[in-house]
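Read through the structure below, which is laid out as structure tokens, and then see the notes.
Readers should treat all values here as calculations from the given coordinates under stated rules, not as data from a laboratory. Computed from a prediction, not measured in an experiment: that's the story for all the values here. Positions of Cβ are generated from backbone atoms using ideal geometry, with glycine treated the same way; all protein chains shown enter the neighbour counts.
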Amino acid sequence: MPARKSAKSPKPKADKKAQRPLSEEEIDKKLRALEPRWGKRPAPRFAKEIQGKDEKALLGLLAGKDPAARAEAAAALGAISSKKAAPALKQALSDKFPPVRQAAAAALAALGDRAMLDEFIKALRDEDPRVVAGAAAAIGASGQKEAVPYLLEAFRTTNPYVGSAIARALGALGDRQAVQWLAAALKNNFIPAEAAEALGLIGSAGGAKELLAAANHVDAHVRAAAARSIGLICKAEPKAFDFMFREQMVLPALRKLVADQSPKVKLCAAISLTELGDEAGGEAIASALGD
């Protein structure tokens, strides 16, 4: 009789989560699912009749009878930086349909139209919070850093709706003049999530201590923004944290957050650990993605 083959012990199954390589796109997609405002800004999504249209076709839609299509066309012309569209966009400022006027104004600001930017700067001093917030959003979209002092002036507000809009604009513009203002807002618990997020987008270590304090905030949105911003700052300024501050303050705070009850907080902290070069970062990301 042939000798019986000895039974081989089953090989332990590989931990797919730990071994699966994680692309930047995958991590970014997960982050946006947990917090749509966070991470890379996705390209604007337009209705089907707008997608793929060239400049000439968009200008035709802007002059058309459908108000919704006019608004979308105005926004799309701003997104593709169509300088030739400026005259048509200025004409659209008198459109009877408010969304068209708003989209045209934002597009002109994004195109760097100085007159339109001046109008938004004036609007920052308006008594209506909605007007101020809208102006801040348009300035943030325009990329015009020269408006930062005016945003900071308007940031002397107690209205969280206005403050949130301004903080988002300051983060989008990325000007370091805003760091001390945002750090103070975070320290005083005024629009803390938006302030923490903006500090990370600016990428300056000036608000690092306030971000570490915010890692213990009662609100999960604030903890997540603080955790992610710490990593973004380290990525932007690798030498921002000296060895003792990093080992005694930053890494312990992030390691604590990877055990947080909030999946968003866990993932943000795990990614920041990876960006800081911590060996546990990759495993923590896989665990957070599994959650």
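If the only charges are +1 at each Lys and Arg Cβ and -1 at each Asp and Glu Cβ, what is the size of the charge dipole of segment 176-291 around the Cα centre, to the nearest 20 debye? Mind showing how you got there, number by number?
Working: 12 positive and 13 negative charges, 43 e Å.
Rounded to the nearest 20 debye, it is 200 debye.
Mind checking segment 225-287 for trypsin sites (Lys or Arg not before Pro) that DSSP puts in a loop (not H, G, I, E or B) and that have at most 11 other Cβ atoms within 10 Å?
On the way: sites: Arg228, Lys235, Lys239, Arg246, Arg255, Lys256, Lys264, Lys266; in loops: Lys239.
Filter output for segment 225-287: Lys239.
The stretch between Ala68 and Ile80, if pulled fully straight at 0.36 nm per residue, gains 2.5 nm over its current Cα-Cα span. Once the Cα-Cα distance is subtracted from the 0.36 nm per residue extended length, the Met249 to Lys90 segment shows a gain of 52.0 nm. Exposure proxy ranking for Glu119, Glu72, Glu146, Glu279, based on other Cβ atoms within 10 angstrom of each Cβ and starting from the fewest, stands as Glu279, Glu146, Glu119, Glu72. Distance from the Cα centroid of segment 70-109 to that of segment 187-214 is 34 Å (rounded to whole angstrom).
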